[in-house]
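The values are calculated or read from the model by the stated rules, or taken from the named source; none is laboratory data. Being a predicted model, the structure only gives us computed values, none of them experimental. Here Cβ is always computed from backbone atoms with ideal geometry, including for glycine, and neighbour counts include all displayed protein chains. Accessible surface areas use protein heavy atoms only, side chains included; no ligands, DNA or RNA. Shrake-Rupley method; radii C 1.70, N 1.55, O 1.52, S 1.80 Å.
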Number of protein chains: 2
Amino acid sequence: MNTQSTRADDILRCARALIARGGYNSFSYADISKVVGIRTASIHHHFPSKSDLVRVLVAQYREEASAGLARLEQAIPDPLDQLRAYLGYWERCFADMAAPFCVCALLAGETPVLPEEVAVEVRGHFRRLAEWLTGVFERGAAQGRLRLSGTARADAEMFMATTHGAMLSARAYGDAKAFGAITRPLLERIAA
Amino acid sequence: MNTQSTRADDILRCARALIARGGYNSFSYADISKVVGIRTASIHHHFPSKSDLVRVLVAQYREEASAGLARLEQAIPDPLDQLRAYLGYWERCFADMAAPFCVCALLAGETPVLPEEVAVEVRGHFRRLAEWLTGVFERGAAQGRLRLSGTARADAEMFMATTHGAMLSARAYGDAKAFGAITRPLLERIAA
DNA sequence: CAGAGCCTACCAACTAGTAGGGAGCCTGTC
DNA sequence: GACAGGCTCCCTACTAGTTGGTAGGCTCTG
């Protein structure tokens, strides 16, 4: 357990919220400085460069997501309910305005202008999520709970794409409810 | 026809390519200056502020998209083929690396940090595209060419979200073929 | 002459990042 | 117990380069 200074965590939490608003190039150390109450030079002490900060941030995000999926899988046995819970999580995020976007989905769009190290982490998140979803679809099909329209892998990729696209639509429409409006029919369609 | 100075068009074309790489905050007047061969001050002569430039850029993008959809609709009678052609267009864009992302999809993610006027244009594009797709799904269902899983509107929104999400996945994976891999099964699923 | 288009020369604010110093705290040693 | 050394964290002060944007002047054209 690292009970050590919460400052680095404060910085990461703040940076994550800022990135979720507009991506890599839409925030600066000065923005973090104002929120966390620390000088920009002190942020450099914790994270020497911006790419370091964002790489660590995304790596931590991936760990949390992975842990969350594992917890979800343990708590909920039914594959369809697992998908429902996954989408429900994001629906609640949008409703709360807490973290109204997947950091990795946003960064994925900016890939060409991202530091390579960050792009690698983002790719890792997409792979991990796609793998988890593939597993869910495989088990769902085997148990007769989900109706596959192609391979489990293909359905998983499509599910992920629709989810991310629904986040974009919600932002474009300026309407948090749009996310649920798009993803709920998605669930109905794949339910056996 | 406005045969007038191609400079403004050069600037718009260049800015569009730059935005398609990483969004609103990832390019500057200096970047355009280097490519177009003009001083940044001269860009301000054509577009007083950055938000002006991007607003006009997105408005022009919307017009082209609208015209493209109208042309597509005239040339191709079958609704399923229309969707095929729409996705084919983007697949070719990705393959060429010409314009490997929908400008509006990328900007949609950045909505919270976008100038209001730009966000309005982006929203307009999403509305227009969703409306067109809704029409295609309605006609497809009426002609027995497409299988709806919900209302035409809901299916259209889902189709659009999946398309945009597939763009994100292609970028995240660093693999242009991923777009086709995700969207082709999508077509098969909705074909009657 | 008027205006369009482009220039040079600015500007203030902001960008990520560096240098160096001071306060506090742990740790080892006499 | 004292005290030196080193380490962590944060500070002020600074840098060079970039940001979007302005002022004013030149040239070419209708």
Problem - Heavy-atom accessible area, 1.4 Å probe, ligands and nucleic acids excluded: residues of region B:108-125 down by at least 20 Å² from chain alone - result: B:ALA108, B:GLY109, B:GLU110, B:THR111, B:PRO112, B:VAL113, B:ARG123
Problem - Folded to 0 to 90 degrees: helix A:79-96 orientation relative to chain A principal axis, Cα - result: 40 degrees
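Suppose the chain between A:ARG128 and A:ASP175 were pulled fully straight at 0.36 nm per residue; how much longer would it get relative to their current alpha carbon spacing?
Details: separation 47, 0.36 × 47 = 16.92 nm, distance 2.85 nm.
Working it through step by step, the gained length comes to 14.1 nm.
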Problem - Fraction of accessible area attributable to carbon and sulfur, chain B (%, probe 1.4 Å) - result: 53 percent
Practice task
Can you pull a Stokes-Einstein diffusion coefficient for region A:1-57 at 4 °C (1.567 mPa s), Rh from Kirkwood over Cα pairs, as a whole number of µm²/s?
Solution key: 114 µm²/s
Handout entry: Inter-copy spacing of A:ASP96 label points, which lie 7 Å from Cα along Cα→Cβ, given in nm from shortest upward
Key = 4.4
Practice task
With a probe of 1.4 Å, find how much accessible area the protein assembly as shown has per residue, and write the answer as a whole number in Å².
Solution key: 44 Å²
Practice task
Using the 7 Å Cα-to-Cβ label point, sort the distances from B:THR6 to its equivalents in the other copies shortest first and give them in nm to one decimal.
Solution key: 6.1
Handout entry: Shortest-first distances to equivalent copies, position A:ARG39, nm, label 7 Å out along Cβ
Key = 3.8
Completion exercise
Sites removed, the longest contiguous part of chain A containing no DSSP-loop trypsin sites (Lys or Arg not before Pro) with at most 16 other Cβ within 10 Å is A:40-146
Problem - Proximal lysines to B:LYS34, defined as alpha-carbon separation beneath 19 angstrom and excluding residues fewer than eight positions away on the same chain - result: B:LYS50
Problem - Inter-centroid distance (Cα atoms) of region B:1-62 relative to region B:126-192, Å - result: 31 Å
Completion exercise
Correct semi-axes for region A:57-190, from √(5λ) of the alpha-carbon gyration tensor and rounded to whole Å with the largest first, are 23, 18, 14
Problem - Amide H within-cut-off set for B:LEU146, under 5 Å, with H built and near neighbours excluded - result: B:ALA141, B:ALA192
Completion exercise
Stokes-Einstein D for the protein assembly as shown (20 °C, 1.002 mPa s, Kirkwood Rh from Cα pairs), in µm²/s, comes to 98 µm²/s
Completion exercise
Asked for the total accessible area buried by A and B (1.4 Å probe, Å², nearest 100), one would answer 3400 Å²
Fill in the blank from the handout: Tilt, helix B:177-190 to longest principal axis of chain B (alpha-carbon atoms), in degrees rounded to tens, equals 40 degrees
